[in-house]
Amino acid sequence: MSKIALITLEHRAVSLACSGFALLLGACGGGGEPERAPAPARTAPASVVAATPPAQAADPDRTGQAGDDQAGASGPDAAQVAHVAPASFALSGYAPDDEEQAPAAARQGRALYVSPQGADDNPGTRTRPFRTLARAARAVTPGVTVYVAPGTYDGGIRTTASGQPDARIGFVSTERWGARIVPPERSATKAAWDNRGNYVDIVGFDIDGGMHRGGTRWSTGIYNGGSYDTLRSNHVHHIAQGAPCTSAGGAAIGLDGFYRGVQGQVIANLVHDIGPAGCRFVQGIYVSTTGSVKNNVVYRVAEAGIHLWHDARDVVVTNNTVTGSNTGIVVGGGDFYHTSGPNDHTAVYNNIVYDNRMGISEQGRTGRNNSYRNNLVYKNSSYDWHLRNGLTHSGTVSSAPLFVGDTKVALPNFSLSASSPAIGRATPVHAAATDFNGRPRNVFSGFDIGAYQH
C-alpha cells in the first residue's frame, strides 16, 4: 500500500494516481533529474553528513486515540501541584518583541498553560497548569492561546479545534525551542504533531525525532491539514531517519491540501537532518496547496529542501536558505487532489539555494506565470536551474553566499558575512518585514537574500 497513513481508509475511494501528503513527497514529481523517469534511491550529495540518531514514529490518521492519550510528557502525569512559578510562562527567545509571537487574544488574558510540573486534572491556569498538550488540545476554544513551559513532552499530538479569523488558537512554546517534543515510549503515529484545525498558530517548538524508543517511527514532523494556519519559529529535525526509504515518503513540515486546507504559512523555521541519506521520497518543507514559505533555514534533507506538488499554486517562496540537500527547491504540480493544475502564479524570490545536487527545478505541470527573482543559486553540482514554458530568472546572484560559519558542522551558522554578495541584493516584493531571528529587514540599506538580514 503506497499511500501515506495521513489519508484514512474512508478516503481511499478517491481515485488519485498518487493520493496523500507523504506519498507524493518524492514519488510523485520531485527530485529526480528533469525529464527522466524516477531514479532509484541514490547517495546524497557530499555535503550531507552521516545521519545522527534515527527519527521516531507517529501517524496522523491513527486508529483509536492512542496517540492523543500518549501525547504528553515522558512518563505519567505528575501529582497535582498547587503552584507553578508564573515565570515559567514568560516568553523569551523571540525577537524583536516576544509578545508578537502569540495571538492578540492571548495578550488579552484568554490562555491555558502546560508545564512538566502540571497535572491533567488541574484547571490549566498559570499556577495550576496541565501536564500534557493533549489535555490542552481538548480544552482549547477560539481565541485561546496555550502557553507551554520549557520541558520535554511526548509527541503523537493531534489538534482539531479551529479558531476564527478574529479569534485564532495559538500553541506557543514560552521559550523558543524550549518545549521539546520527542517520540513517546510506544509511538502509535507517524507524525509528531498532526493539526487539522483552522486559524491555528504553532510557534516555537523543538520537534526532535532523534530518539526512537519503540513503535512506529515518525516520518513527519508537523503535518497541517487545516486552513489559514501558521507554523512559525519551530525547530524540526531528525525526522524519518533510520526508517526505510519507501514511496510512502515523509517531510519535516507539510501544508497539505487533501482535506481542502488553504493559505498556510511556514515562517522562520529551522529544518535539518530529514530522511535517510539518498532517499528521494522525503522532503524538508512540503506544500500541496496555496500559502507562503518565508525565512526558513533548511539543510541536510534527503530530497528537496522545499517541495511544491499536488494542488500547489499561488505559493510565495521567499528569503529561505536551502543547502546540503539533494534538490534545493522544486516547483511542481501533479497527481492533483481537487484541481487540474497547473502550479502557476508561484513566486520564488530572494532565496539562497547553495551546494545542493540540484538547484531550483520546475517539474510536472507548471504554468507560464511563475516568477523567479533575485535568488542566489550557486554550486549545485548537477544544475542550478531547470525552468519550463520558456521562463527565465532575473536578478540572480551566481557566487558563493559567504556564510559566517562552516556549513559542514552539526549546527551551521548561515548568517551572512560582511562580504557576502547576498547583502542588499533582494527585492522587498513578498519579503517578510523581519528575518529568521526577528530582526527587521532594512529598507534603507536594502533587503538581503536568504533567511538572515546582515
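The values are calculated or read from the model by the stated rules, or taken from the named source; none is laboratory data. Since the structure is predicted, the reported quantities are computational estimates derived from the model, not experimental observations. Counting neighbours? That spans all protein chains shown, and the Cβs are built from the backbone with ideal geometry, glycine included.
Taking the conditions exactly as written (small (Gly, Ala, Ser), closer than 30 Å to Thr246 by Cβ and modelled with pLDDT of 95 or more), does Ala119 satisfy them or not?
When the stated conditions are applied, Ala119 does not pass them.
Can you name the strands (runs of 3 or more DSSP E) wholly within the stretch 152-240 that have at least 2 residues being acidic (Asp, Glu)?
Output list reads 206-208.
Do we have Pro421 as more than 24 Å from the chain's Cα centre (by Cα) and either surrounded by fewer than 14 Cβ atoms within 10 Å (Cβ to Cβ) or part of a loop (DSSP other than H, G, I, E, B) (or both) here?
In short, yes.
Return only the number of the condition from (1) under 24 Å from the mean Cα position of the chain (by Cα); (2) closer than 29 Å to Gly210 by Cα; (3) without any contact (Cβ under 8 Å) to a residue 60 or more places away in the chain that Asp120 does not satisfy.
Unmet for Asp120, out of (1) under 24 Å from the mean Cα position of the chain (by Cα); (2) closer than 29 Å to Gly210 by Cα; (3) without any contact (Cβ under 8 Å) to a residue 60 or more places away in the chain: (1).
Give the residue that is surrounded by the most Cβ atoms within 10 Å (Cβ to Cβ), with candidates limited to residues of the stretch 118-145 that are in a loop (DSSP other than H, G, I, E, B) and small (Gly, Ala, Ser).
Gly118
Determine whether His272 is in a strand (DSSP E or B), touching a Pro at 6+ places or on another chain (Cβ under 8 Å) and crowded, with 24+ Cβ neighbours inside 10 Å. Break it down stepwise before answering.
Working: in a strand (DSSP E or B): yes; touching a Pro at 6+ places or on another chain (Cβ under 8 Å): no; crowded, with 24+ Cβ neighbours inside 10 Å: yes.
So His272 does not fit the description; no.
Of the numbered conditions (1) modelled with pLDDT under 95; (2) assigned to a loop (DSSP other than H, G, I, E, B); (3) out of contact with any Pro (no Cβ under 9 Å at 6 or more places or on another chain); (4) not charged (D, E, K, R), Ala78 fails exactly one; give the number of that condition.
With respect to (1) modelled with pLDDT under 95; (2) assigned to a loop (DSSP other than H, G, I, E, B); (3) out of contact with any Pro (no Cβ under 9 Å at 6 or more places or on another chain); (4) not charged (D, E, K, R), Ala78 is out only on (3).
Would you check which residues across the stretch 247-283 are polar (S, T, N, Q) and in contact (Cβ under 8 Å) with a residue 40 or more places away in the chain and list them?
The answer is Ser247, Gln283.
For the stretch 314-343, name all the residues that are in contact (Cβ under 8 Å) with a residue 40 or more places away in the chain and either under 15 Å from Arg365 (Cβ atoms) or basic (Lys, Arg) (or both). So that I can check it myself, show each step before the final result.
Here is the first cut: in the stretch 314-343, the ones in contact (Cβ under 8 Å) with a residue 40 or more places away in the chain are 316, 318-321, 323-328, 330, 332-338.
The answer is Val330, Gly332, Gly333, Gly334, Asp335, Phe336, Tyr337, His338.
Any residue at all in the stretch 334-352 that is farther than 23 Å from Thr246 by Cβ, small (Gly, Ala, Ser) and surrounded by 24 or more Cβ atoms within 10 Å (Cβ to Cβ)?
no
In the stretch 301-350, what residues are among the aromatic types (Phe, Trp, Tyr) and under 25 Å from Ser219 (Cα atoms)?
Those that are among the aromatic types (Phe, Trp, Tyr) and under 25 Å from Ser219 (Cα atoms): Trp309, Phe336, Tyr337.
Restricting to the stretch 231-248, and then to whatever is out of contact with any Ser or Thr (no Cβ under 7 Å at 6 or more places or on another chain) and small (Gly, Ala, Ser), can you tell me which residue is farthest from Leu308 (Cα to Cα)?
Gly242
Being surrounded by fewer than 24 Cβ atoms within 10 Å (Cβ to Cβ), over 25 Å from Ser415 (Cα atoms) and either in contact with a Cys (Cβ under 6 Å, 6 or more places away or on another chain) or of a type outside the set (Lys, Arg) (or both) is the requirement here; does Val282 meet it? Quick ask: steps written out before the conclusion?
On the way: surrounded by fewer than 24 Cβ atoms within 10 Å (Cβ to Cβ): no; over 25 Å from Ser415 (Cα atoms): yes; either in contact with a Cys (Cβ under 6 Å, 6 or more places away or on another chain) or of a type outside the set (Lys, Arg) (or both): yes.
It is false that Val282 is surrounded by fewer than 24 Cβ atoms within 10 Å (Cβ to Cβ), over 25 Å from Ser415 (Cα atoms) and either in contact with a Cys (Cβ under 6 Å, 6 or more places away or on another chain) or of a type outside the set (Lys, Arg) (or both).
Quick test of your reading of the structure: Cys245 fulfils all but one of (1) out of contact with any Pro (no Cβ under 6 Å at 6 or more places or on another chain); (2) surrounded by fewer than 24 Cβ atoms within 10 Å (Cβ to Cβ). Name the failing condition by number.
Exception for Cys245: condition (1).
Against the conditions (1) free of Cβ contacts under 8 Å to residues at least 60 places away in the same chain; (2) at negative phi; (3) of a type in the set (A, V, I, L, M), where does Leu402 fall short? Just the number, please.
Here Leu402 clears every test but (2).
Can you find even one residue in the stretch 229-239 that is modelled with pLDDT of 95 or more and among the basic types (Lys, Arg)?
yes
For the stretch 432-454, which positions are among the hydrophobic types (A, V, I, L, M, F, W, C), in contact with a strand residue (DSSP E or B) (Cβ under 6 Å, 6 or more places away or on another chain) and over 16 Å from Val322 (Cβ atoms)?
Across the stretch 432-454, the qualifying residue is only Ala432.
Which one of these is within 21 Å of the chain's Cα centre (by Cα), under 26 Å from His238 (Cβ atoms), surrounded by 15 or more Cβ atoms within 10 Å (Cβ to Cβ) and modelled with pLDDT under 70: Gly67, Gly170?
Criteria check complete, one pass: Gly67.
Need pairs with beta-carbon distance below 7 Å; first residue closer than 12 Å to Asn295 by Cβ and within the stretch 427-454, second polar (S, T, N, Q) and outside any loop (DSSP other than H, G, I, E, B); sequence gap 6+ or separate chains.
Here the result reads His430/Thr318; Ala431/Thr318; Arg441/Thr434; Gly450/Thr321; Ala451/Thr321, each pair linking the stretch 427-454 to a residue that is polar (S, T, N, Q) and outside any loop (DSSP other than H, G, I, E, B).
Which residue out of Leu402, Leu387 is among the aliphatic types (A, V, I, L, M), under 23 Å from His307 (Cβ atoms), more than 23 Å from the chain's Cα centre (by Cα) and modelled with pLDDT of 95 or more? Before the answer, list the steps.
On the way: Leu402 fails: under 23 Å from His307 (Cβ atoms).
So the residue among Leu402, Leu387 that is among the aliphatic types (A, V, I, L, M), under 23 Å from His307 (Cβ atoms), more than 23 Å from the chain's Cα centre (by Cα) and modelled with pLDDT of 95 or more is Leu387.
Which one is nearest to Gly395 (Cα to Cα) among residues in the stretch 406-418 that are at pLDDT below 95 and loosely packed, with under 14 Cβ neighbours inside 10 Å? Walk me through how you get there before you give the answer.
Going through the stretch 406-418, the residues at pLDDT below 95 turn out to be 406-411.
Within this subset, residues satisfying the condition of being loosely packed, with under 14 Cβ neighbours inside 10 Å are 406, 408-411.
Working: Asp406: 26, Lys408: 28, Val409: 30, Ala410: 32, Leu411: 30 Å.
Per the stated criteria, the residue is Asp406.
For every residue, the table says whether it meets (1) more than 23 Å from Gly93 (Cβ to Cβ); (2) crowded, with 24+ Cβ neighbours inside 10 Å.
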| site | (1), (2) |
| --- | --- |
| Gly151 | no, no |
| Gly156 | yes, yes |
| Gly163 | yes, yes |
| Glu175 | no, no |
| Ala191 | yes, yes |
| Asn195 | no, yes |
| Gly204 | no, yes |
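Quick check on Ile449: is it surrounded by 15 or more Cβ atoms within 10 Å (Cβ to Cβ), within 29 Å of Gly93 (Cβ to Cβ) and more than 22 Å from the chain's Cα centre (by Cα)?
Numbers: surrounded by 15 or more Cβ atoms within 10 Å (Cβ to Cβ): yes; within 29 Å of Gly93 (Cβ to Cβ): yes; more than 22 Å from the chain's Cα centre (by Cα): no.
When the stated conditions are applied, Ile449 does not pass them.
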